[in-house]
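Step one of this worksheet: look at the structure below.
The values are calculated or read from the model by the stated rules, or taken from the named source; none is laboratory data. No experiment lies behind these values; they were computed from the predicted model shown. All Cβ positions, glycine included, derive from the backbone under ideal geometry; neighbour counts span all protein chains shown.
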Amino acid sequence: IVEKIYEDYDKLEVGDVIAYNYHNVIIVHRIINIVHDRGHYYIYTKGDYNNNNDNWVVEEDMIEGVVKSKIPYIGLPTVRLNEL
């Protein structure tokens, strides 16, 4: 369950899990660093089960919201299908 944020980027914290749009794909990853520079926020993320940080920076307009609740293993079928 994702709570939309409307320009409340200052409420984001390291450790929060966010949903964001990356090349028309919704990704849900954890925030590992936040940089606030010249009035803009740049978010660095990593998937909990990934060995490496993401190779891109999440910008404000990409963020869909903050994950407030989750259903364990619900994404597993998608992961398995993508592995085929």
- Message: Any residue in region 1-17 that is modelled with pLDDT of 75 or more sitting within a Cβ distance under 6 Å of a residue that is part of a loop (DSSP other than H, G, I, E, B)? List the pairs, counting only those 6 or more apart or interchain.
- Response: Glu3/Lys68
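Please specify each residue of region 51-84 satisfying the condition of being out of contact with any Asp or Glu (no Cβ under 7 Å at 6 or more places or on another chain), at pLDDT 90 or above and of a type outside the set (Asp, Glu). Walk me through it before giving the result.
The first filter runs over region 51-84 and keeps only residues out of contact with any Asp or Glu (no Cβ under 7 Å at 6 or more places or on another chain), leaving 51-64, 67, 69-84.
From what's left, at pLDDT 90 or above: 51-64.
Asn51, Asn52, Asn53, Asn55, Trp56, Val57, Val58, Met62, Ile63 - these are the residues of region 51-84 that are out of contact with any Asp or Glu (no Cβ under 7 Å at 6 or more places or on another chain), at pLDDT 90 or above and of a type outside the set (Asp, Glu).
With the requirement that a residue be among the charged types (D, E, K, R) and modelled with pLDDT of 95 or more, what does region 40-50 give you? Let's see the steps before the verdict.
Narrowing region 40-50 to residues among the charged types (D, E, K, R): 46, 48.
Correct list: Lys46 only.
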- Note on the structure: Of the listed residues (Ile43, Ile26, Ile34), the one being of a type in the set (Val, Ile, Thr), surrounded by 10 or more Cβ atoms within 10 Å (Cβ to Cβ) and within 25 Å of Leu76 (Cβ to Cβ) is Ile26
- Take the residues of region 1-23 that are hydroxyl-bearing (Ser, Thr, Tyr) and surrounded by 11 or more Cβ atoms within 10 Å (Cβ to Cβ): which is farthest from Gly75 (Cα to Cα)? Tyr9
- Please name all residue pairs, on different chains or six or more residues apart, with Cβ atoms under 7 Å, provided the first residue is in region 24-37 and is within 19 Å of Asn50 (Cα to Cα) and at pLDDT below 95 and the second residue is among the aliphatic types (A, V, I, L, M) and surrounded by 11 or more Cβ atoms within 10 Å (Cβ to Cβ). Ile26/Ala19; Val28/Val17; Val28/Ala19; Val28/Val67
